[in-house]
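Scroll down for the structure; my scribbles are underneath it.
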Amino acid sequence: MIYRTAEDWREAKRKRVLLFGMSGLGKTHVSNLLRASREWFHYSIDYRIGTRYMGEHIADNFKREAMKIPFLRDLLMTDSVRITSNITFDNLAPLSAYLGKPGNPTKGGLPFAEYMTRQDQHRQAEIASLLDTGHFIDRAHDLYGYDHFICDSSGSICEVVDPDDANDPILTALSNTVLMVWIEGSDAHTEELIRRARVSPKPMYYEPDFLRGMWRDYLKENNVEEVDVDPDSFARWAFARALAHRQPLYAEMAQNWGLTVTADDVAQIRTPADFDTLIAAALAARGRQTR
């Protein structure tokens with residue numbers, strides 16, 4: 001780790017951190033708070049995915065739908081209108097809409113083969129965005145004068161790395177440039193995330209073999225064909241399994257490559273000084289555990 005003790009952290013002139021964990025536990029909240037201080041540069045992996053690496057896919061999908069409407073088709077064919085994505089740090093809906101859900105097309109679902117194509121596009125985009133972290137650290141400092149850097153990672157970071165591999169290229173590159181910090185949720189947080197997913201199931205990225213296994217199991221358990229799957233029902237069913245799948249991966253990432261803080265503690269952060277104190281305490285606790 002680039003900071004091994006609480007003293008290292010407190011005395012560092014340039015603080016660089018990557019937050020990871022399930023969506024909804026405070027990564028973006030803390031990142032926004034630090035950015036608002038004007039002392040921290042906020043690098044959002046999801047934003048980078050949706051703009052630099054998948055922006056064209058997203059815009060083309062919008063245009064594909066618009067081309068089905070004669071009025072818009074004529075305007076597009078004459079370059080009379082422009083259709084673009086309006087992704088922001090706080091609104092990633094265009095990326096989610098493109099990623100989609102598999103199932104019955106009359107209910108907004110995608111054929112499973114097309115869904116897997118988009119999943120692979122997301123995988124490649126997420127890997128590239130993570131590996132861009134070092135570049136953005138330098139860019140934030142050299143171009144804008146920021147000494148401090150916060151990387152708000154995607155919830156699916158654990159799906160594109162192998163935390164047990166000491167030579168994992170992504171984790172190696174990240175750990176050489178940022179302090180990796182897991183925001184760990186409680187059982188109550190998990191239940192709340194599942195409740196939210198039941199109300200509003202959102203598209204997610206999954207590791208390919210894990211996803212294929214879930215898809216086979218869902219078809220078998222529900223005795224349905226691919227074209228009859230309700231996309232939202234599958235998304236709800238898959239979400240709880242994804243949480244159970246990701247939790248040990250996050251834990252291994254924290255154990256082998258970084259630190260752990262709790263979502264309850266993160267929720268108490270009100271200022272950058274609070275964040276500094278929390279990270280220093282986590283480093284001190286890790287130091288005591290390794291003695």
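Nothing in this text is a laboratory measurement; each read-out follows from the coordinates by a stated rule. Because the structure is predicted, anything quoted here is derived from the model rather than measured. Reconstructed Cβ throughout: ideal geometry from the backbone, glycine too, with neighbour counts over all protein chains shown.
What the table below lists for this structure:
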| quantity | calculated |
| --- | --- |
| GNM top mover of D217, D46, D74 - the chain, alpha-carbon springs below 10 Å | D74 |
| Pairs of Lys in the chain closer than 30 Å at Cα, counting only those 8 or more apart or on different chains | 15 |
| Mean Cα-pair separation over length for the range 91-220, i.e. relative contact order, pairs under 8 Å, 6 or more apart, % | 29 |
| DSSP beta bridge pairing in the chain, given as percent antiparallel to the nearest 5 | 5 |
| Percentage relative contact order, the chain, counting C-alpha pairs under 8 Å, at least six apart | 33 |
| Furthest towards positive pole of dipole, A244, V261, Y218, structure part the range 144-291, Cβ charges | V261 |
| Gaussian network model of the chain, springs between alpha carbon atoms under 10 Å - residue of I87, I69, I150 with greatest fluctuation | I69 |
| Neighbour cut-off at most 13 other Cβ (10 Å), DSSP loop, trypsin sites (Lys or Arg not before Pro), the range 2-80 | R4, K13, R14, R38, K68 |
| Within a Gaussian network of the chain (alpha carbon springs, distance under 10 Å), most fluctuating of E159, E114, E11 | E11 |
| Theoretical FRET efficiency, 1/(1+(r/R0)^6), r = Cβ-Cβ of A97 and R139, R0 41 Å, to 0.05 | 0.90 |
| Virtual spin-label span in nm between N167 and K63, 7 Å along Cα→Cβ | 4.3 |
| Note, ³J(HN,Hα) from phi for the range 24-37, Karplus 6.51, -1.76, 1.60, rounded to Hz, x at Gly and Pro | x, 10, x, 4, 6, 4, 5, 4, 5, 4, 5, 4, 5, 6 |
| Distance between the range 226-291 and the range 114-190 - C-alpha centres, whole angstrom | 13 |
| Per-q log10 I(q)/I(0), the range 8-290, q = 0.15 Å⁻¹ (Debye; single scatterer per alpha-carbon; no solvent) | -1.19 |
| Förster radius 45 Å - calculated FRET efficiency between T84 and R10 (Cβ-Cβ, nearest 0.05) | 0.55 |
